[in-house]
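See structure below.
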Amino acid sequence: MGTPKRKWTMNVGPEHGRVLEEIEAVVQMVGLDDVAPGRHSALFALSIFGEFKAGKLNVFRLRQEIESLERGEANGLKPPIQNRHPPLKGLWHKHYLQANLGSMAMNIQHGLKEFGIPLFQQMIREAEAAGEMRYVTPEHVKPIVTDIVEGNWKRLQAADKITGEWIVFAKHNGENYYLALATHDKTTHDALRQQIDALCCREFPFLTELLAA
């Protein structure tokens, strides 16, 4: 039996041929036909292309994330979660890292909330144990900042708690079907659901019943 083929094609006029070539090039860089043959939607391809053109996406990192998801392996990011509330109820999402400072800032904030500043907390404990009044000096700033950024990143990674934006996918017969990229912003999820209904349900008919549950 041959490799499953895509469920979609893109028909564009001659004036849009260059765009189609660019979309195809990005799909090939991610390796969707190798990683998830026949299980990625046109909407997913367009989502990837849009994020790539906006400079927000490292396509090779996205491929690694999909490969980890296909193998069921942890890789430092939050594990897959099934959405429990409309409009994406019944679908799943897996975090992936965008290639921008916003993604790093989000994880720095997440790390501070999760772990605080362990080095600074240790300094406080040592001062209390010595019964001394100690002050933060300029020499302390660099190691404290390093602990906030690099230290907490490593702690998040070790705990599989690095956060990012979403790969939205469905599970069917033990396989993952990749539908779109999305963000945490819930105000965008109604529009995403409409796109999934209009495009993905035509490619993967099982979605109609899954989303109606």
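What follows is calculated from the coordinates using simple rules that are stated; it is not laboratory data. Since the structure is predicted, the reported quantities are computational estimates derived from the model, not experimental observations. Cβ atoms come from the backbone with ideal geometry, glycine included; neighbour counts cover every protein chain shown.
The table below gives the values:
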| item | result |
| --- | --- |
| Calculated from backbone phi, Karplus (6.51, -1.76, 1.60) coupling profile of the range 121-135 in Hz, x at Gly/Pro | 5, 5, 4, 5, 4, 5, 5, 5, 5, 7, x, 10, 9, 10, 10 |
| Spherically averaged projected area in nm², based on the convex hull that wraps the Cα atoms of the chain | 15.8 nm² |
| Residue among MET104, GLY90, TRP166 farthest towards the positive dipole end of the chain, charges placed on Cβ | GLY90 |
| For GLU165, distant residues with modelled amide H under 5 Å away | TYR96, GLN98 |
| Angle in degrees between helix 59-71 and the longest Cα principal axis of the chain, rounded to the nearest 10 | 80 degrees |
| Unit charges on C-beta of K, R, D, E only; dipole of the chain, Debye | 360 debye |
| Amide H partners (placed H, <5 Å) of GLY76, local residues excluded | ASP160 |
| Per principal axis, descending, Cα span of the range 89-182 in whole Å | 63, 25, 19 |
| Between 0 and 90°, nearest 10: helix 17-30 axis offset from the chain longest Cα axis | 50 degrees |
| Number of Lys pairs (Cα under 18 Å; 8 or more positions apart or on different chains) in the chain | 15 |
| Under-5 Å amide H pairs with HIS40, H placed in peptide plane, nonlocal only | LYS7, TYR178 |
| Förster radius 30 Å - calculated FRET efficiency between LYS154 and ALA127 (Cβ-Cβ, nearest 0.05) | 0.75 |
| Cα centre as origin, Lys/Arg/Asp/Glu Cβ charges: the range 101-158 dipole, Debye | 180 debye |
